[in-house]
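Enquirer: Handing you a structure now.
The values are calculated or read from the model by the stated rules, or taken from the named source; none is laboratory data. Just so it is clear, the structure is predicted and the values come from calculations on it, not from any experiment. Positions of Cβ are backbone-derived with ideal geometry, glycine not excepted, and every protein chain shown enters the neighbour counts.
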Amino acid sequence: MAVVTGKSQRWRIVAAHVGLWVLIAITLFPLLAVVSISLRPGNFATGSLIPAEISLEHWKLALGFAHTQADGVVVQPPFPVLLWLWNSIKVATISSLLIVSISTTAAYGFARLRFRFKTTILNSMLLLQMFPVAVALVAIYAIFEAIGGVIPWLGIETHGGLIVAYIGGVAMHIWTIKGYFETIPTEIEECAKVDGATSWQAFYKVLLPMAVPILMVVFVLAFIGTIIEYPIASVLLREEPNLTLAVGSKYYLYEQRYLWGDFAAAAVLSGLPITLVFLAAQRWIVSGLTSGGVKG
Amino acid sequence: MTAKTTRSSKTQAWRYLFPGVLAMLVFVAFPLVYTVQIGFTNYSASNLLSEERARAYLLDQADVNENRAFGFSVHPDGDAVRVLLTPQGDGASGERYLSPAIALAKAATEPVAMQPVAGNPVLGAAFTLRQTIEQRSALMALRLSLPDHSTLIYAGLHEFAVFEPLWQAQTGGALKRLADGAVYAPNRDTGYFEDAKGERLQPGFKVGVGFANYARLFGDADMRGPFVSIFIWTVVFAGLTVLFSTAIGMTLAVLLNWEALKYRTLYRTLLFLPYAVPGFISILVFKGLFNQNFGEINAILDAVFGVKPAWFADPLLAKTMILIVNTWLGYPYIMVLCTGLIKSIPADLYEASAIAGAKPLTNFWRITAPLIVKPLTPLLISAFAFNFNNFVLISLLTDGRPDYLNTKLPAGTTDILVSYTYRIAFTDAGANFGLAAAISTVIFFLVAILSLVNLKLSQSNDPHKGGH
């Protein structure tokens, strides 16, 4: 672009760089500070951003090993972080797989089949999803207590119940997959049907293999969405060994038992992989953002 | 297409849609409807059960009469057992009773009729203590009935005792206290069993109370005060969050779209980071950083200015902290949105304005801002609605504290409506689910209005759907 540049241009560029770096410093400060704190000895130490003395005690505790202090006192890990991480991954993986399979079939129905009230159903699903789940927590709690009376492994305090509760959040994913299916020409399935395939075979053997990339994307999105979910998990899970990471992490920072250093190590340990997955999936997430989804 | 194929394709469609639609109905739509319904009841810790279950609970209450206890021994009889009751105590005399053969493995429902025995009946060897302990849970389920119709239950490893219920069911669902004959009738307006003087029995039961929760919310001065303050703070919080995030996010988007600037991709990635870190972790990190005594932020403020603000104890500072944290969390989202929208502005507009000699600020106010404001508005309303209900932030950062003093129910100065309902329902001992659900219903209506406004706005933006 041939824009006439004035004399002030150079100064404005310098000012922009300086301003951006100041903002980046403010933005990154909490993230760098938490890494630094995880390496500092003790739970109450303050100090410079680059720790003067590096101690791996918090990391040992976060990874589940006991730590022996200089005075010989053995400190046991305060919380089962790895168990919580495993709970989170287990719940997120199973519910994401279910979400993907449910929303794929529904998306196929919406994209390819003709039936009445199609637009109405699609729109009302999207509207329903706008209601924040945090508002219906009382009802969700009551529902799962009632379910638990009949089917114990789906009640309160079970991972089965939590997984089932997460399945409700499929509307956005149905839209995403439906949009992808609509870019695939119908002729391909029609050819398969001419060759004698049933509708299910056309879906399962022809359309589905072509949609694998979008299914991976939806899986990653659902996975991130469920692994960071806090409100429902905080209502359904209360016992320490059952907690997911999102619910358990807050117990580090109780006024009476303030474990700042231990928290920092646990936060980096569990936050880093999720952040990396998120950054890797950023491209698709960003394209989904403009359609109105806000991350929790 | 013939009628037949139409029908089969219709059932086929439902087969594909069913799981997804069902999941939405059960776990999204139903909880919403159910919340509204709970809002019209007195469902709470003291009124948890249905009337039938509350009555059954009371009827199950019984006293064991230790004066009428029998020693017992268990004797095998084939696969089953027979229970022998012997009067207890030194030199005790009186009738002994023997049961017919009972299959202990099966859950006993009816009381077992005991027969008096004379002489010395021939029985198998009595269970040892260890065998008795092994059968303890089966024995505890037993009800033994004497010829005089009194019922005995297991009252320890060595005795069965007469079991005297405290309550007797009356017609019309009332309960009579056997000790003094007082009658408590169910009051289906208050949800309690009450006697003539209105004295209540615990537990109560769940009944519909009409608009009582709403009347309390808007009418009771003790409730209305905190409710109105919390509502105002919720709106201010959501509004200022969107304002600050938009100011920073949009400025960054415009700046990073400036082609004369180097390292733009690097900057964009670094500035996007707050969005990529899981929310529950970054919020807790801030909670630690803002800690009055051990936090890094106060360490810096203390070193530079010599002050240590009480971020969690002072209401105004707590609110400031929440806005700082939420702006940090929120601006990358707006930045990404604006970047996308700015990219879609035709470049020749800027070329034309450059020819006219326009300054950057003029470009922004005359070209960029007017062109992105329309598609941005529905997204900002969504962001407002999201923050209006940003439960995770408040719950993890301050948990609503510092609290208002002198309120019956816990209410915090930094509570927003959703975190307030959460506290009423799940952290207060009274667990007033009905009241919490009533507040949730109010929130539904507000969200529904926002969503409808949004739908109208985005439809009028979408060229495919017409509008104007």
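Enquirer: Give the stretch B:237-256 a look and list any residue that's in contact (Cβ under 8 Å) with a residue 40 or more places away in the chain and either surrounded by fewer than 17 Cβ atoms within 10 Å (Cβ to Cβ) or of a type in the set (Gly, Ala, Ser) (or both), or say none.
Expert: B:Ala238, B:Gly239, B:Leu240, B:Ser245, B:Gly249, B:Ala253
Enquirer: I need the full set of residues from the stretch A:106-139 which are of a type in the set (S, T, N, Q) and either without any contact (Cβ under 8 Å) to a residue 12 or more places away in the chain or outside any helix (DSSP H, G or I) (or both), in order please.
Expert: A:Thr119, A:Thr120, A:Asn123, A:Ser124
Enquirer: Of A:Ala267, A:Ala246, A:Ala211, which residue is more than 10 Å from chain B (Cβ to nearest Cβ) and in contact (Cβ under 8 Å) with a residue 60 or more places away in the chain?
Expert: A:Ala211
Enquirer: Shifting gears a bit: Here are the criteria: (1) in a helix (DSSP H, G or I); (2) surrounded by 15 or more Cβ atoms within 10 Å (Cβ to Cβ); (3) not assigned by TED's automatic domain parsing to the domain that holds B:Gly78. Tell me which single one B:Thr132 does not satisfy.
Expert: Here B:Thr132 meets the rest and fails (3).
Enquirer: Something else now. Quick one: would you say B:Asn213 is more than 11 Å from chain A (Cβ to nearest Cβ), touching a helix residue (DSSP H, G or I) at 6+ places or on another chain (Cβ under 9 Å) and either of a type outside the set (D, E, K, R) or not in a helix (DSSP H, G or I) (or both)?
Expert: So B:Asn213 passes the test.
Enquirer: Given the criteria at pLDDT below 90 and in the same structural domain as B:Val285 (by TED's automatic domain parsing), does B:Gly330 qualify?
Expert: no
Enquirer: On to the next question. Can you tell which of B:Leu337, B:Leu289 is surrounded by 22 or more Cβ atoms within 10 Å (Cβ to Cβ), out of contact with any strand residue (DSSP E or B) (no Cβ under 8 Å at 6 or more places or on another chain), over 26 Å from B:Thr413 (Cβ atoms) and at the interface with another protein chain (Cβ under 8 Å from one of its Cβ atoms)?
Expert: Sole residue among the options that is surrounded by 22 or more Cβ atoms within 10 Å (Cβ to Cβ), out of contact with any strand residue (DSSP E or B) (no Cβ under 8 Å at 6 or more places or on another chain), over 26 Å from B:Thr413 (Cβ atoms) and at the interface with another protein chain (Cβ under 8 Å from one of its Cβ atoms): B:Leu337.
Enquirer: Here is a follow-up. Could you check B:Val122 against (1) modelled with pLDDT under 80; (2) surrounded by 13 or more Cβ atoms within 10 Å (Cβ to Cβ); (3) in a loop (DSSP other than H, G, I, E, B) and say which number it fails?
Expert: That leaves (2) as the condition not met.
Enquirer: Write out, first by first residue and then by second, each pair whose Cβ atoms fall under 7 Å of each other, whose residues are 6+ apart or on separate chains, and whose first residue, in the stretch B:292-305, is away from every other protein chain (no Cβ under 11 Å) and free of Cβ contacts under 8 Å to residues at least 12 places away in the same chain while the second is among the hydrophobic types (A, V, I, L, M, F, W, C) and exposed (fewer than 13 other Cβ atoms within 10 Å of the Cβ).
Expert: Between residues of the stretch B:292-305 that are away from every other protein chain (no Cβ under 11 Å) and free of Cβ contacts under 8 Å to residues at least 12 places away in the same chain and residues that are among the hydrophobic types (A, V, I, L, M, F, W, C) and exposed (fewer than 13 other Cβ atoms within 10 Å of the Cβ), the close pairs are B:Leu301/B:Val307.
Enquirer: Can you go through A:Asn123, A:Asn87, A:Asn43 and tell me which one is out of contact with any Lys or Arg (no Cβ under 6 Å at 6 or more places or on another chain) and under 23 Å from A:Gln256 (Cα atoms)?
Expert: A:Asn43
Enquirer: Continuing with this model, one more query. If you go through the stretch A:168-227, how many residues are under 18 Å from A:Ser101 (Cα atoms) and part of a loop (DSSP other than H, G, I, E, B)?
Expert: The total comes to 4.
Enquirer: Tell me, which residue of the stretch A:3-18 that is within 8 Å of chain B (Cβ to nearest Cβ) and surrounded by 11 or more Cβ atoms within 10 Å (Cβ to Cβ) is modelled with the lowest pLDDT?
Expert: By that ranking, first place goes to A:Val3.
Enquirer: Within the stretch B:410-434, work out how many residues are at the interface with chain A (Cβ under 10 Å from one of its Cβ atoms) and in a helix (DSSP H, G or I).
Expert: Final tally of qualifying residues: 10.
Enquirer: Additional query: A:Lys90 - would you say it is exposed (fewer than 15 other Cβ atoms within 10 Å of the Cβ), more than 14 Å from chain B (Cβ to nearest Cβ) and at pLDDT 80 or above?
Expert: Yes: the conditions hold for A:Lys90.
Enquirer: Name, by its number, the condition in (1) facing chain B (nearest Cβ under 10 Å); (2) farther than 30 Å from B:Thr421 by Cβ that does not hold for A:Thr183.
Expert: Failing condition for A:Thr183: (1).
Enquirer: Also: For the stretch A:157-179, how many residues meet the condition of being surrounded by fewer than 19 Cβ atoms within 10 Å (Cβ to Cβ) and either away from every other protein chain (no Cβ under 14 Å) or closer than 26 Å to B:Ser395 by Cβ (or both)?
Expert: Matching residues across the stretch A:157-179 total 2.
For every residue, the table says whether it meets (1) closer than 24 Å to A:Glu189 by Cβ; (2) within 24 Å of the chain's Cα centre (by Cα).
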site: A:Ala66; (1), (2): no, no
site: A:Leu83; (1), (2): no, yes
site: A:Val91; (1), (2): no, yes
site: A:Ala111; (1), (2): yes, no
site: A:Phe117; (1), (2): yes, no
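Enquirer: Of B:Asn291, B:Asn257, which residue is polar (S, T, N, Q), under 29 Å from the mean Cα position of the chain (by Cα) and not in a helix (DSSP H, G or I)?
Expert: Just a single option satisfies the conditions, and that option is B:Asn291.
Enquirer: Right, something else. Being β-branched (Val, Ile, Thr) and assigned to a loop (DSSP other than H, G, I, E, B) is true for just one of B:Val285, B:Val307. Which residue is that?
Expert: From the options B:Val285, B:Val307, the qualifying one is B:Val307.
Enquirer: Looking at the stretch A:214-243, which of its residues are within 12 Å of chain B (Cβ to nearest Cβ) and touching an Asp or Glu at 6+ places or on another chain (Cβ under 9 Å)?
Expert: A:Leu236, A:Arg238, listed by residue number.
Enquirer: With respect to B:Ala437, is the statement that it is assigned by TED's automatic domain parsing to the domain that holds B:Gly330, of a type in the set (Gly, Ala, Ser), in a loop (DSSP other than H, G, I, E, B) and in contact (Cβ under 8 Å) with a residue 12 or more places away in the chain true?
Expert: no
Enquirer: If I filter the stretch A:58-87 down to residues being of a type in the set (Phe, Trp, Tyr) and at pLDDT 85 or above, which single residue comes out as surrounded by the fewest Cβ atoms within 10 Å (Cβ to Cβ)?
Expert: A:Trp86
Enquirer: Please indicate, with yes or no, whether at least one residue in the stretch A:252-261 is at the interface with chain B (Cβ under 8 Å from one of its Cβ atoms), in a strand (DSSP E or B), without any contact (Cβ under 8 Å) to a residue 40 or more places away in the chain and within 30 Å of A:Ser38 (Cα to Cα).
Expert: Looking through the stretch A:252-261, at least one residue is at the interface with chain B (Cβ under 8 Å from one of its Cβ atoms), in a strand (DSSP E or B), without any contact (Cβ under 8 Å) to a residue 40 or more places away in the chain and within 30 Å of A:Ser38 (Cα to Cα).
Enquirer: Next question, about the same structure. Would you mind stating whether B:Ile297 is buried (at least 17 other Cβ atoms within 10 Å of the Cβ) and within 28 Å of the chain's Cα centre (by Cα)?
Expert: For B:Ile297, the condition - buried (at least 17 other Cβ atoms within 10 Å of the Cβ) and within 28 Å of the chain's Cα centre (by Cα) - is not met.
Enquirer: Does B:Ser458 satisfy being within 10 Å of chain A (Cβ to nearest Cβ), surrounded by fewer than 24 Cβ atoms within 10 Å (Cβ to Cβ), at pLDDT below 85 and part of a helix (DSSP H, G or I)?
Expert: Yes: the conditions hold for B:Ser458.
Enquirer: Taking B:Phe386, is it within 22 Å of A:Met130 (Cα to Cα), touching a helix residue (DSSP H, G or I) at 6+ places or on another chain (Cβ under 9 Å), part of a helix (DSSP H, G or I) and not β-branched (Val, Ile, Thr)?
Expert: The answer is yes for B:Phe386.
Enquirer: Considering every residue within the stretch B:55-62, establish whether at least one is surrounded by 16 or more Cβ atoms within 10 Å (Cβ to Cβ), modelled with pLDDT of 80 or more and not in a strand (DSSP E or B).
Expert: Looking through the stretch B:55-62, at least one residue is surrounded by 16 or more Cβ atoms within 10 Å (Cβ to Cβ), modelled with pLDDT of 80 or more and not in a strand (DSSP E or B).
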